[in-house]
Amino acid sequence: MISAVGAIAGEVLTRHLLSEVKISGWTRTNYSGQPVSLTGGVEAAAGLVFGNLLHARCAGTDAPGLARAMAAVVASVSAAAAGYVDDHLEDRFPARGKGYAGHLGALREGRLTSGVVKMGAVGAGSLIAGMLGRKRPAESLVDAALIALSANVANLLDLRPGRARKFLMAASLAPALAGSQTARICGVVATTGLREDLQGKKMLGDLGANALGAQLGVVLTELGLPVKLGLLALLAGLNAASEKVSFSAIIESTPGLRELDALGRS
């Protein structure tokens, strides 16, 4: 519980600090044509770092707990850094792409995109995080894939106010109630910035969505192997489906999902 409180404190403190300084280049136009700040992602990433480091500190001699905390630090920080590249440095690359096919297609032609760099950074961070659990090599690879794919799914959902945060809150709820500290950190960080996200004032951006998604991925690595394999298939399917279909179109045309998605939105 202390780590969750630390996560909230880290997010709130960062929000206060950002309100005291003027930074340029952090405003984007959202789906409705309104300006929205990307600083919500910085606040979320800071909350994750605070919470995970406090979790590591409190773990003490609990080796599994310490390993999970450090895996969460590595996964969320590397995903946040990768997201920053895509959010702010995309124009500095020789090519652009959309989706896996677009980015990898450009790479095959010898042109580097920010998305390829992001995939590499998230993949590397996920692999290191997966190995920290000191499990069998095959299971470590499953864990790494869960973290990387979860990071991207969260990013794919960050297209409407509050959508990604709601998903992360819902996905982390059961593990949090079962005692997972990494899940509690994920849930409280997603919840703390929900109001401004729903109001369309701030959004996670790639930086925040990737970081929170990677944190959720670490939560999933705590489950049993059969469950992890099922979730891996689900996440892989969602990532593959995103190349062909619009999640927004599906959500907005599905009764129940449509109302949940719009709940609380200004």
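Which one of Ile128, Ile147, Ile250 has the biggest mean-square fluctuation once the chain is modelled by GNM with Cα springs under 10 Å?
Ile250
Rounded if a/c is under 1.5, else prolate if a/b beats b/c, else oblate: with a ≥ b ≥ c from the C-alpha gyration tensor eigenvalues square-rooted, which is segment 89-195?
oblate
Taking square-rooted eigenvalues a ≥ b ≥ c of the alpha carbon gyration tensor, is segment 1-132 rounded, prolate or oblate, where a/c under 1.5 means rounded and, failing that, a/b exceeding b/c means prolate?
It is oblate, given that a/c is not under 1.5 and a/b is not larger than b/c.
Can you bin segment 167-266 into rounded, prolate or oblate? Criterion: square roots of the alpha carbon gyration tensor eigenvalues sorted a ≥ b ≥ c, rounded for a/c under 1.5, prolate for a/b above b/c, oblate for the rest.
oblate
Neighbouring Cβ atoms within 10 Å as the yardstick, rank Arg165, Arg111, Arg184, Arg15 fewest first.
By the 10 Å Cβ count, ascending: Arg111, Arg15, Arg184, Arg165.
With label points built 7 Å along Cα→Cβ from the Cα atoms of Thr191 and Leu104, find their separation and express it in nm.
A separation of 3.8 nm, rounded to one decimal place.
Mind sorting out which of (1) 137; (2) 126; (3) 179 is the real volume of the Cα convex hull per residue in Å³ computed from the coordinates?
Checked against the structure: label (2).
Given a 10 angstrom Cα cut-off, can you work out which residue in Gly123, Gly133, Gly179 is the most mobile in a GNM of the chain?
Comparing Gly123, Gly133, Gly179 in a Gaussian network model of the chain, the most mobile one is Gly179.
Could you sort 21-29, 48-56, 134-142 so that the peptide with the highest average Cβ count within 10 Å comes first and the rest follow in order?
Going by the mean number of other Cβ atoms within 10 Å, highest first, we get 48-56, 134-142, 21-29.
I'd like the Karplus ³J(HN,Hα) series for segment 29-35: coefficients 6.51, -1.76, 1.60, θ = phi - 60°, whole numbers in Hz, and an x wherever there's a Gly or Pro.
9, 7, 4, 9, x, 9, x
Which ³J(HN,Hα) values, rounded to whole Hz and listed in residue order, are derived for segment 52-69 from phi using the Karplus coefficients 6.51, -1.76 and 1.60 in 6.51 cos²θ - 1.76 cosθ + 1.60 with θ = phi - 60°, glycine and proline given as x?
Running phi through 6.51 cos²θ - 1.76 cosθ + 1.60 with θ = phi - 60° gives 5, 5, 5, 4, 4, 5, 6, 5, x, 8, 6, 4, x, x, 5, 4, 5, 5 Hz.
Can you give me the Cα centroid spacing of segment 18-58 and segment 120-191 in angstrom?
When both Cα centres are located, 18 Å separates them.
Along the Cα-to-C-beta direction of Ala174, a point sits 7 Å from the Cα; which residues of segment 194-231 have their amide N less than 18 Å from that point?
Answer for segment 194-231: 216-231.
May I ask for the net charge around Gly130, where only other residues with Cβ less than 13 Å from the Cβ of Gly130 are counted and Lys, Arg are +1 while Asp, Glu are -1?
Summing Lys and Arg as +1 and Asp and Glu as -1 gives +2.
No value in this document is a laboratory result; all are computed from the given coordinates. Source: prediction; values computed, not measured. With ideal geometry, Cβ positions are generated from the backbone for all residues, glycine too; neighbour counts draw on all protein chains shown.
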